[in-house]
Structure formats: C-alpha cells, structure tokens
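**Q** One structure, pasted below without further comment.
The values are calculated or read from the model by the stated rules, or taken from the named source; none is laboratory data. Model, not experiment: these values are computed from the prediction. As a convention, Cβ positions derive from the backbone with ideal geometry for all residues, glycine included, and neighbour counts pool all protein chains shown. Protein only, heavy atoms only, side chains kept; ligands, DNA and RNA dropped before computing areas. Shrake-Rupley method; radii C 1.70, N 1.55, O 1.52, S 1.80 Å.
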Amino acid sequence: MSILVVGGTGRTGRRAVELLTADGHDVLVGSRRPRGPRTVTVDLARDLAPDLLRDIDGVIASVEPPTDSAGAVAVMHHGIARLAELAAAQRVPVVLVSQIYITRAAEHPDLADIIEARAAGEQALRDSGTPYAVVRPGWLTDSPGTGARLEQGDRGDGRVSRDTVARASVEALLRPEAHGTTFELYDGPAMPDWAAAFTALKADR
Ligand SMILES: NC(=O)c1ccc[n+]([C@@H]2O[C@H](COP(=O)([O-])OP(=O)(O)OC[C@H]3O[C@@H](n4cnc5c(N)ncnc54)[C@H](OP(=O)(O)O)[C@@H]3O)[C@@H](O)[C@H]2O)c1
C-alpha cells in the first residue's frame, strides 16, 4: 500500500515510516520542508494540494502543534479538517495521533488551547465520513516499546513509548477493526493481539 505519513520527519512519525517500510509498504513523508525523494510538502497551517492523496491508500498524521492558540487552531483543527476532507473524497483511512486529556482540558490549563484545537480536529475527522482511528497517547518517551495498553473514556494518565505509538498507529491504519474508534494508549506489559484489542473497543458512534 502507499501510505502518507504527515509528520514523518518527527520522532513518532519516523518510527511509523520505518515500520511501514519494513512491512513492504511504499511510504511518502509529508513535511513542511520536504527533502529528498518520497517526501512531499504538507503544511497543515496552509492549503493542501488538491491531489495530495492521489494514489495514497492511507494516512498517518503525527504532528506537533504550535504552542500559540491561533497556531494550534490553524494546524490541529483546520489543518486536520482539510486533510480529513481530502481523505473523505477518496475514502482514504486516516489515523490521527492526538493525546490524552482531550476531554479534560480544565485539568491542564497550560495546554488548554492545544487540547481544544485537537478536540475540534478529532471531531472534524470523525465527521468527515472517511475511515479513521484516533490514537490518544499518554506522555511520550523514547524508551523501547515493549508493550501497549489500550483504554477508552479518557480518564487515565501515564507514559507511552514513541515506538508503541508508531506501532499502534500502523496497526490501527491497516486493521479495519480499529476504524471508527478513539482510544488512549499507554505502556503495557506486552504487545496485544491487535485485532482482538481493536475489536474489543467501543465504536465512537
Ligand atoms: N510530548 C508528549 O508527551 C506528547 C503526549 C501525547 C501526544 N503527543 C503528540 O504526539 C505526536 C508525536 O509527537 P513527537 O514528539 O513524536 O513529534 P515531533 O518529533 O515533535 O514531530 C512533530 C512533527 O510535526 C510536524 N509538523 C509540525 N508542524 C506541522 C505543520 N504545520 N504541518 C505539517 N507537519 C507539521 C514536523 O514535521 P516538519 O518539521 O518536517 O514539517 C514533525 O515531523 C504529536 O502530535 C504530539 O503533540 C505528545
């Protein structure tokens, strides 16, 4: 399959690119500053090329939001909405890497603007009609990813390895059992049977 990883230059995105490439997929990296072959200009703060998803079978978006409120809205709300609209036109599945505390912004006033922009972007993706999964990682670490725990309801807290976020994002993209769901992701004792773990999730609607 041909997969676009928006934020594929980032620490989690790079890991997703490596996993997809190792599995034999053709990977295109989306970046604000594309360099080299198999990279393409994607700036979620700006208009997207109408043909961005031509010949693309799936998208992972793992993008760090700007820290200012207007920037966060431009990228994490309107940018994700534009990406979702393009994907919906072709029914291309999209996995969005979001974060925990999306429904609890009041508990993190320091991150409230970013959380609210992310929440709106999540909802735009759900409403777009394209197949999707929203992965909400806990606090990211660069420790080796040795296991994963999935939760729903956004009540927890904890850490998760970027390796694990990348693995879960790839699995969620490629397994239709995950589509239509939102889940939190933490380090766990072992990697799950992904098909079973996704099947056990409650669908968003
Ligand atoms: N830090 C945490 O504890 C934590 C917790 C939960 C969730 N998260 C989220 O998890 C995701 C992955 O985090 P990370 O630390 O692995 O990311 P990272 O290394 O900071 O990489 C972020 C990527 O975002 C891309 N990006 C930034 N602005 C963009 C824009 N306007 N348009 C398109 N791409 C843009 C950058 O690509 P270019 O520079 O090449 O354009 C970069 O590759 C992020 O969404 C992060 O906010 C983080």
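**Q** Please give the net charge around Gly10, taking every other residue with its beta carbon less than 13 angstrom from that of Gly10, where Lys and Arg add +1 and Asp and Glu add -1.
**A** +3
**Q** How large a share of the accessible area of the stretch 2-199, in percent, is made up of carbon and sulfur atoms when the probe is 1.4 Å and the other protein chains stay in place?
**A** 50
**Q** Between Asp154 and Arg91, what FRET efficiency follows from the Cβ-Cβ distance if R0 is 22 Å, with the result rounded to 0.05?
**A** E between Asp154 and Arg91, to the nearest 0.05, is 0.20.
**Q** With every protein chain kept in place and ligands, DNA and RNA left out, what is the accessible area per residue of the chain? Probe 1.4 Å, answer in Å².
**A** Using a 1.4 Å probe on heavy atoms only, each residue of the chain averages 45 Å².
**Q** Over what distance in Å are the Cα centres of the stretch 60-117 and the stretch 126-188 separated?
**A** Going from one Cα centre to the other spans 15 Å.
**Q** Specify which residue in the list Thr103, Val27, Pro189 is farthest towards the positive end of the charge dipole of the stretch 2-199, using unit charges on the beta carbon of Lys, Arg (+1) and Asp, Glu (-1), about the Cα centre.
**A** Val27
**Q** Where Lys and Arg each count +1 and Asp and Glu each count -1, what net charge lies around Asp193 among other residues with Cβ under 15 Å from its Cβ?
**A** +1
**Q** Right, something else. What net charge do the residues around Pro34 carry, taking every other residue with its C-beta under 14 Å from that of Pro34, with Lys and Arg at +1 and Asp and Glu at -1?
**A** So the environment of Pro34 carries a net charge of +4.
**Q** Run the simple label-point estimate for Thr21 and Thr103 please: 7 Å along Cα→C-beta, distance reported in nm.
**A** Result: 3.8 nm between the two label points.
**Q** What number, in percent, do you get for the relative contact order of the chain if the mean sequence gap of Cα pairs under 8 Å and at least 6 apart is divided by its residue count?
**A** 19
**Q** Starting from the stretch 25-121, pick out the trypsin sites (Lys or Arg not before Pro) whose DSSP state is loop and whose Cβ has at most 11 other Cβ atoms within 10 Å.
**A** Arg35, Arg54, Arg91
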